[in-house]
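Reviewing the structure listed below.
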Amino acid sequence: MAAIGVTCGLALFVTACGEAPDSDSGNESVATDFKACMVTDTGGVEDRSFNASAWQGMTAAAEQQPAIEVDVKESSSEADYETNLVGFINEGCNLIVAVGGLMSEALTTVAADYPDQRFAIVDAYLPDSPNVYSMEFNAAQSSFLAGYLAAGTTETDKVATYGGLNIPPVTIFMDGFAEGVEYYNEVNDADVAVLGWNHETQDGSFADNFEDTAKGKSLTENFVSQGADVIFPVAGKTGMGTPAVTQTEEGLSTIWVDLDGCESAPEYCEEFLTTSEKNIPDAVSSAIIAARDGGPMDGHSVGTLDNGGVSLSPLRDDIDDELAAEIEEVKAGIVSGEITIESTVQPTE
């Protein structure tokens, strides 16, 4: 069995802790020879979003390679970042994965102090840190499709989005969403409005955290009061306030982010038109196995629609077939370069 070094009690995507095998039973644990450790952002491993999906990748690596052990430390605040990173160095982790662009500064500092230690980061690019492997995702591409879907689904001609913080890993989703709505308007001679984000001025609505579900609920209720019927939260656990609202009234829907909402929050599956996914699990798993096999300490990957690093999850069953076909055409246009997304925070390969 893969050794999963994680605190008992974490429910979502976390392997259950059990007793060690009885030495007289004839069962022997597989010896581990590589320890991969993950430091979460403040949403924690149960955020049903980017932390949870990164942890999926960690556990997948351990399942694929039983000699890999994985562990996690959760950050309650940004002040915990350096402490958790250094703590894992002291615990002998071979690779330490930092989750979230907010950890860039802390990781840059720690990586410079420990140049022989392997690190990786999700949602950031640290080209000046030769011992950090960077994983980015062009979520503007999948969110453009989500915006097109929202515009094609709305009955009120108003849709909305909000973020956790005004930082590029968040606003890239909001940019793509708004541009997708604009493209729908252009090709269908429609006039769907986006509440909560102006991608030209980069101004919009933010919860200022990734943990406050009540704030997500309040923001959603405000958008609904203004007439929006499709809401796109980009706010980690805070975003769970949105389906909690949309389930209370017929005609309201949510579009989720990062990790397929029907998988991460199955109790709200009927609320999700789709999810603008980042394939963080595969990226993290691949990074761990590459590090275990002695690959370069640095490097940079960018997930796109073309390489499967970003995507839409399966559309809800009631989505019109014609609209679904249009979305496939739009996807092909983005991949071919025929459709250009203008977001200035898109990563470059």
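The values are calculated or read from the model by the stated rules, or taken from the named source; none is laboratory data. Everything numeric in this text was worked out from a predicted model, so none of it was measured. All Cβ positions, even for glycine, are placed from backbone atoms using ideal geometry, and neighbour counts span all protein chains on display. Note: accessible area is taken over every heavy atom of the protein model, side chains too, but ligands, DNA and RNA are not part of it. Shrake-Rupley method; radii C 1.70, N 1.55, O 1.52, S 1.80 Å.
Counting other Cβ atoms within 10 Å of each Cβ, which GluC sites (Glu not before Pro) in region 86-153 have at most 14 and sit in a DSSP loop? Passing sites in region 86-153 are Glu91. Given a 1.4 Å probe and the protein chains as shown, Ser53 ends up with an accessible area of around 0 Å².
For Ser311, what is the net charge nearby, where nearby means another residue's Cβ is under 10 Å from its Cβ and Lys, Arg count +1, Asp, Glu -1? Here the count lands on 0. Across the alpha-carbon atoms of the chain, the computed radius of gyration and Dmax are 20.5, 74 angstrom. Summed over the residues of the chain and divided among them, the accessible surface reaches 42 Å² per residue at a probe radius of 1.4 Å. Relative contact order for region 68-160: 18 percent, from Cα pairs under 8 Å spaced at least 6 residues apart, divided by residue count.
Among the protein heavy atoms, those of Asp317 account for about 150 Å² of accessible surface (1.4 Å probe, every chain in place). Surface composition of region 75-191: carbon plus sulfur atoms hold 42% of the accessible area, using a 1.4 angstrom probe and ignoring ligands, DNA and RNA. Within region 189-226, the GluC sites (Glu not before Pro) that combine a DSSP coil assignment with at most 13 other C-beta atoms in a 10 angstrom radius are Glu200. Here the Karplus curve 6.51 cos²θ - 1.76 cosθ + 1.60, taken at θ = phi - 60°, turns the phi angles of region 79-91 into couplings of 5, 7, 4, 4, 4, 5, 4, 5, x, 6, 4, 5, 8 Hz, with x standing for Gly and Pro. Mean residue ellipticity, 222 nm, helices only, the chain: the sum of -39500 (n - 2.57) across DSSP H runs of n ≥ 4, divided by residue count and rounded to 500, is -11000 deg cm²/dmol. Once backbone amide H atoms are built at 1.01 Å from N, Leu195 has Val159, Ala160, Thr161 as its partners under 5 Å, excluding neighbours fewer than 5 places away on the same chain.
With a 1.4 Å probe and all protein chains in place, put Met297, Met38 in order of accessible area, largest first.
Values: Met297 60, Met38 0 Å².
Correct descending sequence by accessible area is Met297, Met38.
Result for the chain in a Gaussian network model with C-alpha springs under 10 Å: among Ala111, Ala120, Ala332, the largest mean-square fluctuation is at Ala332. Amide H to amide H distances under 5 Å link Leu305 with Val310, where only residues 5 or more positions off or on other chains count and H is placed in the peptide plane.
Projecting the Cα atoms of Thr238, Ser225, Thr248 onto the charge dipole of region 212-252 (Cβ charges, centred on the Cα centre) puts Thr238 farthest toward the positive pole.
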